[in-house]
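The values are calculated or read from the model by the stated rules, or taken from the named source; none is laboratory data. Keep in mind it's a predicted model, so treat the numbers as computed, not measured. In this analysis, Cβ positions are derived from the backbone assuming ideal geometry, glycine residues included, and neighbour counts consider all displayed protein chains.
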C-alpha cells in the first residue's frame, strides 16, 4: 500500500478519499499504512462526505497588493482533523464552529481540498 | 511503576551563553564551541574532562560527532537527540540518568546557531509536509496562531492579554544586559505592531537571533568542588503529543499537563513552591498555555493570570527573567537558554533581575509546534 501516492492520485481524479479501518470502523487522515494507535492494516479508501466544521482559523497577512489568505483546521464529519483553507468568504470572516463543505481545486498544477461555508 | 528520576543526585556546575544577538561571521559550530569552553572553564574543567556529550546544531544532522571532534574528545556517552527547542531538557534528563548510572563523569550540553546573521530567518531542518504545505502555512507562526485563536474562542482570552506577555518579557529584558531587545515596549506599541497571522503581530513572535549556550553537569558528590552554588536536578520529564498542528488533540492543552504533573511528583514539590519559571516563549500564547498546564492557574485562566504585571518584574510570579525568546534571545532553539537562566537565578548570579531567595526553578522546553514539551525542576542545596 502506498497511501500518500494513492491519496493524491484519487485527488487528481477529482475524488476526496480518506481511509477507514474495516475492523475498528475508525477513519484516518492523513493517509498512512496502518491506523494510528491500533496498528490495524485493514484500511480501505472511502469517499469523504466533505462536511466539516472549522476548529480554528487564522489569516496569513501579506503585504498589499498581495492578498492575505485564510488558513484553517477543519474537523471532518468522519472525525479526523485536517489543515485547509476556507474560501468564498473574506479570510477574516471565517469563524470557529462554522459548518463548511469541501471542494477540490487545482493550484500550481496540483489538486487540493479547500472548504467553503456550507 | 513510579518514575525513578535520580532526584538531587546530579547538578549543573557551570553554564555559559555566547554570541547572543548578533555574531556575524561565526559558524553555529564555533558559537557552540565557544559557549562550551566557557561553561567548562566556569567549573574549572576543560574539554578533555568531558566524557558525556549532548549536542544539537540545526545545520548538521551529525553534529554530535562534529562537536566531539571539534572539542578534541572521545566521549563514551554521546547523544544527538533532537525534539526541537526542547532537545536540551531531554539531554539534561538523559545526562542525569547517565551520570547517576556511572556511564559518564562530566556531561556537556551545547547548542549554537548563527541563523540571524547567516540566514536572516528561522532555519528549518524539517521536511515540508505534503498535508500542510499546499495551504502555505507560515510555519511555525501560523500553527501557534491557530492555538491562540482557539484559546480566545474557548476562554475569551484577549489580544491585550497576549500583549501582557510581550510587555512583561520586554520589562525583564530591560534588566538583562545580554538581552537583544531592550527598548521600551508599551501595550500600545504592541497593539500597533504589524499583523502576521491573526491574532499575532510581530510582537507576538520570538526574536530571530544568533546565540549559543552550554551547560556542564556532574554527580552531586562532586558538584560542590566545582561550583559555589550548583543547581541540582530534582526532576526531568517530557511528553510528545504530535508533530504537525492538525494532529494536536486539543490546541488549548499541551503535553505539559502530563509532563508537569510527573515532574512535580519526581521532585516532590508543587507549583506554588516554585520561585522562578523559565518558559519557552516562542510566541505569546506559550506562557499562557504553559502556566495553565503547569498548574499555576486553572485551564482557561492563563490570559487573566498574566495581566496586571503579575509575570513582569516585581510581579507575584517571576516568569522568563532573562526576557525570554520574545525579547532576549532566540537562535532557532531556545530550550538551553531557559536552563542557563534558571542556573543563574538559583546561583544568585542574575544581577539586576535576580529573584530574591530563589530556591526552586522550572526550566521548560517546547519542540516543534507545541508538539513536544519537556521540563526540568532545579533546586538549590536547601531543596535536597
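Kindly evaluate residue B:81 against the criterion of being surrounded by fewer than 20 Cβ atoms within 10 Å (Cβ to Cβ) and within 19 Å of the chain's Cα centre (by Cα). Spelling it out, residue B:81 is indeed surrounded by fewer than 20 Cβ atoms within 10 Å (Cβ to Cβ) and within 19 Å of the chain's Cα centre (by Cα). Of the helices (runs of 4 or more DSSP H) lying entirely inside segment B:61-168, those containing at least 1 residues that are over 25 Å from residue B:38 (Cβ atoms), within 14 Å of another protein chain (Cβ to nearest Cβ) and in contact with a strand residue (DSSP E or B) (Cβ under 8 Å, 6 or more places away or on another chain) are B:141-155. Would you confirm whether any residue within segment B:177-188 is in contact with a strand residue (DSSP E or B) (Cβ under 8 Å, 6 or more places away or on another chain), in a loop (DSSP other than H, G, I, E, B) and more than 30 Å from residue B:38 (Cβ to Cβ)? So far as segment B:177-188 goes, no, none of its residues is in contact with a strand residue (DSSP E or B) (Cβ under 8 Å, 6 or more places away or on another chain), in a loop (DSSP other than H, G, I, E, B) and more than 30 Å from residue B:38 (Cβ to Cβ). Here residue A:99 meets the list (1) surrounded by 18 or more Cβ atoms within 10 Å (Cβ to Cβ); (2) away from chain B (no Cβ under 12 Å); (3) over 11 Å from the mean Cα position of the chain (by Cα) almost entirely, failing just condition (1).
Screening residue B:60 against (1) under 21 Å from the mean Cα position of the chain (by Cα); (2) modelled with pLDDT of 95 or more leaves a single unmet condition, (2). Only residues that are within 11 Å of chain B (Cβ to nearest Cβ) and closer than 17 Å to residue B:137 by Cα were counted in segment A:64-86, giving 13. Determine, yes or no, whether residue B:297 is surrounded by fewer than 24 Cβ atoms within 10 Å (Cβ to Cβ) and over 21 Å from residue B:146 (Cα atoms). When the stated conditions are applied, residue B:297 passes them. Scanning segment A:9-23 for residues that are under 19 Å from residue A:78 (Cα atoms) and either part of a helix (DSSP H, G or I) or modelled with pLDDT under 95 (or both) turns up A:10, A:11.
When B:252, B:240, B:209 are checked against the criterion of being within 14 Å of another protein chain (Cβ to nearest Cβ) and surrounded by 22 or more Cβ atoms within 10 Å (Cβ to Cβ), B:252 stands alone in meeting it. Evaluating residue A:6 against the criteria (1) part of a helix (DSSP H, G or I); (2) surrounded by 14 or more Cβ atoms within 10 Å (Cβ to Cβ); (3) within 11 Å of another protein chain (Cβ to nearest Cβ) leaves one unmet condition, (3).
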